[in-house]
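Where a number appears in this text, it was derived from the coordinates with a stated rule and is not lab data. All of these numbers come straight from a predicted model, not from anything done at the bench. Cβ coordinates were reconstructed from backbone atoms using ideal geometry, including for glycine residues, and neighbour counts include every protein chain displayed.
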Amino acid sequence: MPHRNQVTKILHVQAPDEGRRLDVFLSAQDPPRSRSQYKKWIDMGCVLVNGRKVKPAYMLQEGDEVCVHGVNDEGAGAISPEPMSLEVLFEDGDMIVVNKPAGLVVHPGAGHFSGTLVHGLLAHCGHLASQGAPLRPGIVHRLDQETSGVVVVAKSDAAYLHLIDQFKDHAVRKTYLAFVYGTLPQSSGEMRSLIGRHPIHRKKMAVVERLGKEAVTFWQVRQSWQDAVSLLEVRILTGRTHQIRVHCQAMGHPVVGDGTYGGGPRRALQIPHPATRAAVAAHARRTMLHAWRLSLVHPRHGSPMAFEAPIPADFQGLWNALERAVASRSS
């Protein structure tokens, strides 16, 4: 068992890492150390999950607490601050809220060891909450790389724990805007299902009948264009990995630009109207999903707070192009 003078790291497993092997997860958080090194520590009892000794092949669940004993912090998992332009929506001593642009990765990981939002926040704030994985300081939720919009990050450990509980209890209200293909049969609705790892493509998620987590998505049509594209306002009660993208695909209306879940260039070619098809081709260069609004209570004084990320330029560009395409057909 670990010596009392050895360093302890506490990591809280979030939804994107559910289903990963423990040794793979740990080595991904700490690139200087190999999977085999972590395997040895796990076998020695230096790694506990929810207070219990487990095997290196243990499959992580969202919410698991992983305690790593005996890892020397010097040089391991260090993140160097990198100044970058940030659109800060709110900041105090407890948390910072930013409007993440599309294309920016939230935290370091495989293939992204620099230039992430965490690197920029460390340069801006000087520090983030020490709680969380070594390469995810202060991160209580995340957005996919191509998704733009509101992200809240904890600056203090107390705020981290409070915010984590709010997300876990579904107390955070999250509203997105999404361009999707087709026209939905009604003006609003909801999708409830289990979401889990795709049975074949393990990097993807899917609607599954068992061994998944409950996912609840509410949607409302904001506007439609020529039966080709619709703009949805989407609120998610849960926060499963790729939830909106998976549910939109399951409904037969994938998010525009989402090549992983059926909304890539091939789908765009199916649009019958040339002007509308050209508008999508010219302006949908990424998954057209925007985390528009987020509401929570302040982690220290409990006041309700709401944040809104302005519509990004590429979103507005597609919106305007679709309007022009419709106008050209009616003139």
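Okay, here's what the table says:
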quantity	calculated
Amide proton proximity set for residue 90, modelled H, under 5 Å, gap of 5+	97
Difference of contour (0.36 nm per residue) and Cα-Cα distance, residue 203 to residue 67	46.4 nm
Virtual spin-label span in nm between residue 278 and residue 113, 7 Å along Cα→Cβ	4.6 nm
Shape box of the stretch 80-155 [Cα atoms, principal axes, largest first, Å]	30, 24, 22
The stretch 173-330, dipole about Cα centre (Lys/Arg Cβ +1, Asp/Glu Cβ -1), debye to the nearest 20	540 debye
Helix-only mean residue ellipticity at 222 nm for the chain, each DSSP H run of n ≥ 4 adding -39500 (n - 2.57), per residue, nearest 500	-7000 deg cm²/dmol
Percentage relative contact order, the stretch 222-331, counting C-alpha pairs under 8 Å, at least six apart	21 percent
Rounded FRET efficiency, nearest 0.05, which uses the C-beta distance separating residue 165 from residue 52 and R0 of 22 Å	0.50
Radius of gyration and maximum dimension Dmax of the chain, Cα, Å	21.1, 78
The chain: DSSP helices with Cα axial extent of at least 18 Å and average Kyte-Doolittle hydropathy no lower than 1.0	none
Per-pair calculated FRET efficiency, R0 = 45 Å: residue 88 and residue 266 via Cβ, rounded to 0.05	0.70
Alpha-carbon Rg with Dmax, taken over the stretch 8-69, Å	10.1, 27
Difference of contour (0.36 nm per residue) and Cα-Cα distance, residue 320 to residue 186	45.9 nm
Contact order normalised by residue count of the chain, Cα under 8 Å, 6+ apart, percent	14 percent
For residue 208, residues with placed amide H under 5 Å, excluding near neighbours	194, 195, 196
Amide H within-cut-off set for residue 289, under 5 Å, with H built and near neighbours excluded	148
Dmax and Rg, reported as Rg then Dmax, of the stretch 173-330 (C-alpha, Å)	16.5, 55
Given 155/213; 168/213; 100/155; 39/213, the pairs whose alpha carbons are separated by over 24 Å	155/213; 39/213
